[in-house]
Amino acid sequence: MILLDGKKTSADIKAEIALEVAELKKQDKKTPHLAAVIVGNDGASLTYVNAKVKACERVGFESSLIRLSEETTEEELLNEIAILNIDKDIDGFIVQLPLPDHIDEQKILMAIDPDKDVDGFHPMNVGKLALNLPTFISATPFGILELLERYNIETSGKNVVVIGRSHIVGSPMSILLAQKRKIGNATVTLTHSRTQNLSEITKKADIIIAALGIPEFLKGEMVKDNVVIVDVGITRVADSSKKNGFRLVGDVAFNEVSEKASHITPVPGGVGPMTIAMLLKNTLLACERRNS
Ligand code: GUN
C-alpha cells in the first residue's frame, strides 16, 4: 500500500511556486496578492484562513486578511467585495464559507469578479469547468487531480466512484474525472445519500473519492483489492486524550480499507494540505492572467 502523501506533495508544489515568485521578483514583475475575507469567529474557519494567509507569506505572496464581525450585514459584505474587485493590487480573493445565516451565500459568491475568483465558486467559473474551458478549478478537486497525477495513478477507462454530491467537491470531481483531460477519461458514478446498494457500486470501483462528511463511513468490506482511495472527509471528533480535545477523522475507515487499497490518502495529511497549495496555484495563475 502506498500513502498518497498530501503533506509532502503540497510542500513540493509550494516550493515550485516559491521559485516562480522569486523569478517574478527578479524580473521586477508584480508579486501575487491574495486576500481572504472571513465573517465571524468560527474556530475551524479561522484556523483554515490563517493557514491560507501563512502559506502566502511562505511562498513570497502578498496577503491580506479581512476580518469582519458576526453582525456584518449582507450589504456591508457586498461593499467589501466591490472594493476588492476594483483593487488593482489584489489578484485574487476568497470569502471563507460558511457565512452567517443572515447572509445569502450565493449572492455573495456571484458578486466576486470571476477573474479574481480563485476559489472557483462563481457560477461563471463553475460553468467554464463543466465545459472544460480554462478557469479556476476549486482547490479540493484541483488538489485531488494533482495528487493523482503526481503519483501516476491511471484514471483513463477506470471505474471511479464519487461519494457525495457537494458543490465544492463531489459534483466538480465527477465532472472533471469524466472529461477528456490528463487525469480524466474515467467512467464516473456519482453517488449520494439516496443511492441504493452503494456497496455493490463501491465494490466495482477502481478509484473511490469519499466526500460525504461522515466519519469512517467507507468500510473495508465495501471495496475491492487494489482500489485507490481518496478520502476528502475531515471531521473533528471529540478526543480527551488530545491536547486540543479532538482528533481529525476521514470518511474512510483507514485501518480496514488500507489493508486492501493499492494507494490511499491519510487524514490528516492527505487531501487537506493540497487544497492550500492549489489555492496558491490559482492565485499565481490569476496574477499571471491579469498582468499578461
Ligand atoms: N470553506 C471550506 N472550504 C472552503 C474553501 O475551499 N473556500 C472557502 N472560501 N471556504 C471554504
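Values for this structure:
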{"item": "Ranked packing of 114-120, 259-265, most packed first, by mean Cβ within 10 Å", "result": "114-120, 259-265"}
{"item": "Estimated inter-spin distance, Glu74 and Glu20, nm [label 7 Å along Cα→Cβ]", "result": "3.7 nm"}
{"item": "Carbon + sulfur, % of accessible area of the range 190-235 - ligands and nucleic acids excluded, 1.4 Å", "result": "45 percent"}
{"item": "With every protein chain in place, the range 95-172: carbon and sulfur % of accessible area (1.4 Å)", "result": "53 percent"}
{"item": "Helix 43-59 vs. the chain, principal-axis angle (Cα, 0 to 90°, nearest 10)", "result": "70 degrees"}
{"item": "Using alpha-carbon coordinates, inclination of helix 74-86 to the longest axis of the chain, degrees", "result": "70 degrees"}
{"item": "For Val37, distant residues with modelled amide H under 5 Å away", "result": "Ile66, Ile94, Val95, Gln96"}
{"item": "Mean accessible surface per residue for the range 14-118, computed with a 1.4 Å probe while every protein chain stays in place, in Å²", "result": "52 Å²"}
{"item": "Net length gained if the chain between Ser193 and Leu248 were fully extended (0.36 nm per residue, minus Cα distance)", "result": "17.6 nm"}
{"item": "Nitroxide proxy distance, nm - points 7 Å out along Cα→Cβ at Glu200 and Ser240", "result": "4.5 nm"}
{"item": "Sorted peptide list for 99-107, 176-184, criterion being average Cβ within 10 angstrom, highest first", "result": "176-184, 99-107"}
{"item": "Cut-off 14 Å, label 7 Å out along Cα→Cβ of Ala51, residues of the range 157-180 by amide N", "result": "none"}
{"item": "Surface per residue (accessible, 1.4 Å probe) for the range 172-280, Å²", "result": "48 Å²"}
{"item": "Under-5 Å amide H pairs with Asp251, H placed in peptide plane, nonlocal only", "result": "Glu216, Val232, Gly233"}
{"item": "Size descriptor, Kirkwood hydrodynamic radius, that averages inverse alpha-carbon separations across the range 110-260, Å", "result": "16.3 Å"}
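The values are calculated or read from the model by the stated rules, or taken from the named source; none is laboratory data. Worth saying up front: this structure is predicted, and the values here are computed from it rather than measured. Counting neighbours? That spans all protein chains shown, and the Cβs are built from the backbone with ideal geometry, glycine included. Keep in mind that these areas ignore ligands, DNA and RNA; they rest on the heavy atoms of the full protein, side chains included. Shrake-Rupley method; radii C 1.70, N 1.55, O 1.52, S 1.80 Å.
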